[in-house]
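The values are calculated or read from the model by the stated rules, or taken from the named source; none is laboratory data. Owing to the predicted nature of the structure, the values given are computational and were not obtained by experimental measurement. With ideal geometry, Cβ positions are generated from the backbone for all residues, glycine too; neighbour counts draw on all protein chains shown. Just so you know, the surface numbers come from the protein's heavy atoms only, side chains and all, with ligands and any DNA or RNA stripped out. Shrake-Rupley method; radii C 1.70, N 1.55, O 1.52, S 1.80 Å.
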Amino acid sequence: MQNPAIIAKNVSKKFIITHDADTRYKTLRDTISQYGRSFTDNHTKAETEEFWALTDVNFSVQKGERVGIIGRNGAGKSTLLKILSRVTPPTSGRLKMVGRVASLLEIGTGFHPELSGRENIFLNGAILGMSRTEIRRKFDEIVAFSEVEQFLDTPVKRYSSGMYVRLAFSVAAYLEPEILLVDEVLAVGDAEFQAKSLGKMEEVSKGQGRTILFVSHNLDAVRALCTRCLLLQAGKVEMDGPVQDVISRYLDTTLRRLTAHFPAVPGKPSIISVTLNREYLEVGKFELVIGFSSPFPLQPPIPGFVIFNAMHMPVLGSNPRYHSDEYPKISIQEGKIKVILEYLNLHSGLYKLDIWLGSWHENFDHKTDALVFEYQNPVTYIDK
């Protein structure tokens, strides 16, 4: 028997964007003059444009489900959560939600900056319709989970972004809402707190039957927490289904880029193509093929690469310039160079690849974010 907690039918949201032809910095005198000219018919009017952030979004979420929402920046994810949180109304369509809703949309949402952490806990509980007795019953757990006890009586405007998120999530998770909406704001917290938060969301969903909608660019977190996923693209639901199927579709259509081509740089050797072997990646290996061209004959150029994780931190790199002198003694103007690593020592996740090309003494070309790939650390089973 179905027991929906959220039902969205043909939900759409329109914004009006204003394009002012005069974009220069305006003084007070300019503003007053423009206001005076607005009463005449010969002034230049600002152009407006309709922008539909969401268009005919339909879905339902059963009580106790953990649903991830993924998509590129601008796809409409945060707008959808703001509509579900009653922060903004839809332009058209119907929305039904059963139960109390707690949301963690962005840093500072629902908190009064002049009030202390203690006072904001009671304020948020009151907004959720809880009595002071109920809030007191959960108070110690909230404080312990947030780890901000030392600053509990300090105005939250003096909190760091990490402290804000810790307290805000703790309040949202422990004050017993039936529906919990969480946006990418959790990414502000440190890795330990993110892991603890994901565990808490899974606990309250499985053990207490609460419904969770989780928006994130962290695909590993979505896989770990959610049982179902929505893919938003240009304000529409592109796919709704099992988590891994939806993530694979997302990567194939928007993120994963295993081949790239570039125009030659005039007057010097340059990278014209880069390809990453998909089959090698699937078994934990790395094969990179770099195509190059040069306006003049030269000894085969030396490739270098650096792999960056989703936080744009370098995690792996190689440059034969510093550890090899075995190079063919020929002169060529174009060709391909293959780089192979028999073991790719990476955690599962999304990665970007920067490529360099040069000689023993100088750099010729550099491509930033040349490729984007998802790596799944292969599991090896040992038969005893």
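Tabulated data
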read-out	value
Filtered residue count, region 356-375, keeping only those that are free of Cβ contacts under 8 Å to residues at least 24 places away in the same chain and under 15 Å from Ser294 (Cβ atoms)	2
Residue, nearest to the chain's Cα centre (by Cα), within region 295-324, restricted to residues that are without any contact (Cβ under 8 Å) to a residue 24 or more places away in the chain and open to solvent by less than 70 Å² (accessible area, probe 1.4 Å)	Gly317
Single unsatisfied condition, Leu371 versus (1) at pLDDT 85 or above; (2) over 27 Å from Pro266 (Cβ atoms)	(2)
Filter result for the condition that a residue is assigned to a loop (DSSP other than H, G, I, E, B), open to solvent by 50 Å² or more (accessible area, probe 1.4 Å) and either closer than 17 Å to Leu232 by Cβ or modelled with pLDDT under 85 (or both), over Lys82, Lys45	Lys45
Those helices (runs of 4 or more DSSP H) lying entirely in region 213-294 with at least 3 residues of a type outside the set (Asp, Glu) and open to solvent by less than 30 Å² (accessible area, probe 1.4 Å)	219-225, 243-250
Unique match (being part of a helix (DSSP H, G or I), within 19 Å of Ile70 (Cβ to Cβ) and open to solvent by 10 Å² or more (accessible area, probe 1.4 Å)) among Glu192, Glu202	Glu202
Pair list, Cβ < 9 Å and 6+ apart or interchain, from region 1-17 residues that are closer than 18 Å to Glu65 by Cα and part of a strand (DSSP E or B) to residues that are among the basic types (Lys, Arg) and open to solvent by 40 Å² or more (accessible area, probe 1.4 Å)	Pro4/Lys63; Pro4/Lys96; Ala5/Lys63; Ile6/Lys96; Ile7/Arg94; Ile7/Lys96; Ala8/Arg94; Ala8/Lys96
Within region 136-160, tally of residues that are within 17 Å of Ser197 (Cβ to Cβ), out of contact with any Phe, Trp or Tyr (no Cβ under 9 Å at 6 or more places or on another chain) and among the polar types (S, T, N, Q)	1
Hits in region 124-137 (condition: modelled with pLDDT of 85 or more and crowded, with 16+ Cβ neighbours inside 10 Å)	Ile135
Test: residue in region 170-185 that is among the hydroxyl-bearing types (Ser, Thr, Tyr) and either within 26 Å of Asn124 (Cα to Cα) or in contact with a Cys (Cβ under 7 Å, 6 or more places away or on another chain) (or both)	yes
